[in-house]
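K.L.:
Just passing along the structure, written as structure tokens.
Throughout, read-outs are computed from the coordinates displayed, never taken from laboratory work. Owing to the predicted nature of the structure, the values given are computational and were not obtained by experimental measurement. With ideal geometry, Cβ positions are generated from the backbone for all residues, glycine too; neighbour counts draw on all protein chains shown.
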Amino acid sequence: IDPDDIERKITDKTKAIVGTVSSTSISFGSAVFVSNRVAGAQYFTAAFDSSSNKVILALSDSASSYAGYAFVGTVSGTSISFGSEANFETGSAYDISAVFDSSVNKLNIAYIDINNSEYGTMAVGTVSGTSISFGSPTVFATTKTELGVAVFDSSNNRIVVSYKDNGNSNHGTSTVFKNDTTGITRGEVASGQTASVDIIGSVSDNQVSLTPGQQYFVQTDGTIGTTAGSPSVLAGT
């Protein structure tokens, strides 16, 4: 076995390093492996979870057919450590861009789903300790896309995803995405896309942090609350 080849394979592992800014200079601690399993990471992106003070790294692993993985990092002084990997896309994820929605404490990862006609897709995750869990991905662009970037609009509490729409003469296009504000959802939906809803008489079984026996009303912004909006619309008990 060629020792140089062994070294190359070792150094191909993904590493992270903490930098400390002082005035106009920056100094770095020691680099650490993000995961010993991820050997061919590409399409790196990082976001800061201001609620839990964690760093989330998302990437595409070329050694696993470009499957999408995310890792929660904890910074301590000049070092960083990572929890277990979480898979947000089992197929192939390209052009990954992550952003944190501080209004509902959700991590949004926009990417191109190569296995689904290269549609623009969004995965939404929630950090708990050193782990992150994801719901089912949502398609925000049913056309072949090349992703630009996802950003958070803190004034309107919306995610804005900008991308090149190959299905529309490569025009630059933006889509507005709103995360759910009541808890775990069946699937976040981009503006202008179709959604599954509960009709009158059905049971909404995916709500969290509610009080048993309490009546809830639909608010004018689509959320639910304990006081009636105007007009008054009872959501249920």
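K.L.:
FRET efficiency for SER117 and SER162, Cβ-Cβ distance as r, R0 = 25 Å, nearest 0.05? Don't skip to the end; give the middle numbers.
P.N.:
Details: r = 20 Å, r/R0 = 0.79.
Using R0 = 25 Å, I get an efficiency of 0.80.
K.L.:
In whole Hz, what ³J(HN,Hα) sequence does the range 101-110 give by Karplus (6.51, -1.76, 1.60; θ = phi - 60°), x for Gly and Pro?
P.N.:
Listing the rounded values in order: 9, 6, 6, 10, 6, 10, 9, 10, 10, 9 Hz.
K.L.:
Highest mean first, how do 158-164, 143-149 rank when packing is the count of other Cβ atoms within 10 Å averaged over residues?
P.N.:
On the way: 158-164: 20.4, 143-149: 18.0.
So the peptides 158-164, 143-149, ranked by packing, come out 158-164, 143-149.
K.L.:
Another question, then. Check the straight Cα-Cα distances from LYS106 and name the lysines below 30 Å, setting aside those fewer than 8 residues away within the same chain.
P.N.:
Qualifying lysines at Cα under 30 Å: LYS13, LYS15, LYS54, LYS144, LYS164, LYS178.
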